Amino acid sequence: MKLSLAENIRTLRKERKMTQEKLAEALGVTVGAVYKWESGQSLPELNLLVEMADFFDTSVDALLGYRMKDNRLDSALERLTRYCQVMDPAALTEAEKILGKYPHSFKALYSCARVYMAFGSGNHDPRQLRRALELLEQSRVLLPQNDDPQISESVLSGNLSAVWFLLGEHEKSLELLKRNNAGGIFSGDIGFFLAVYMDRPEDAVPF
């Protein structure tokens, strides 16, 4: 069991696009207090923990960051995988149920984003693809929770790029790959994209 209160306060604040000043104002504390919580220098009083959990629409345990294996989430995600393997539309209903129960879980959000990617691509459904984008962006904020070495910021960027491409937003897709091409990880994709899909072989040469 591990506490990660500082990380969780910071993550939840950023998820809501709030500054430390705005959170301090909402809770009636100083900016310095919020800074100390997020840097792990001090802990909020119990009454503030309860108020903060309510503000972020989560539980005190979740805010404190008790790292306990959630067998219910694992079971739900296994069920979700089975639905997806046969492209059963029940997967979308199941995904929304999971998101309702675990709105601040990276594992839940990323898994459901992948479901919407699969169905949006297969059905050529822009609404499902845009739902995938929304969930992938939320997953980015929660990435510090991730413990799967196969998933990284680069992987998320690749997923986002793929969805933009499927939506016909080729320039957005390309720019996302270029911005996240550290170490040339996406160079092959960028070159292929430019030469084949955008008919710009001269621009593909550097890649």
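The values are calculated or read from the model by the stated rules, or taken from the named source; none is laboratory data. Treat the numbers as computed from the prediction; the structure is a model and nothing was measured. Every residue, glycine as well, gets a Cβ built from its backbone with ideal geometry; the counts of neighbours run over all protein chains shown.
Worth pointing out:
- Pairs where the first residue, in the stretch 11-27, is touching a residue at least 60 places away in the same chain (Cβ under 8 Å) and the second is in a helix (DSSP H, G or I), C-beta under 7 Å, 6+ apart: 11/141; 11/144; 14/141; 15/138; 15/141
- Subset of the stretch 15-39 (residues that are over 22 Å from residue 140 (Cα atoms) and part of a loop (DSSP other than H, G, I, E, B)): 28, 29, 30
- No other residue among 10, 72, 16, 79 is crowded, with 17+ Cβ neighbours inside 10 Å and among the basic types (Lys, Arg) apart from 10.
- Some residue of the stretch 114-136 being touching a residue at least 60 places away in the same chain (Cβ under 8 Å), outside any loop (DSSP other than H, G, I, E, B) and over 22 Å from residue 72 (Cα atoms): no
- Single residue of the stretch 71-87 satisfying the filter (of a type in the set (A, V, I, L, M) and part of a helix (DSSP H, G or I)) that is farthest from residue 115 (Cα to Cα): 73
- Of all residues in the stretch 167-182, none that is surrounded by fewer than 16 Cβ atoms within 10 Å (Cβ to Cβ) has its Cβ atom under 6 Å from the Cβ atom of a residue that is part of a helix (DSSP H, G or I) and of a type in the set (Asp, Glu), 6 or more apart or on another chain.
- The number of residues in the stretch 183-207 being β-branched (Val, Ile, Thr) and either surrounded by 15 or more Cβ atoms within 10 Å (Cβ to Cβ) or modelled with pLDDT of 80 or more (or both) comes to 2.
- Search result, residues across the stretch 145-195 that are part of a helix (DSSP H, G or I), among the aromatic types (Phe, Trp, Tyr) and over 17 Å from residue 114 (Cβ atoms): 192, 193
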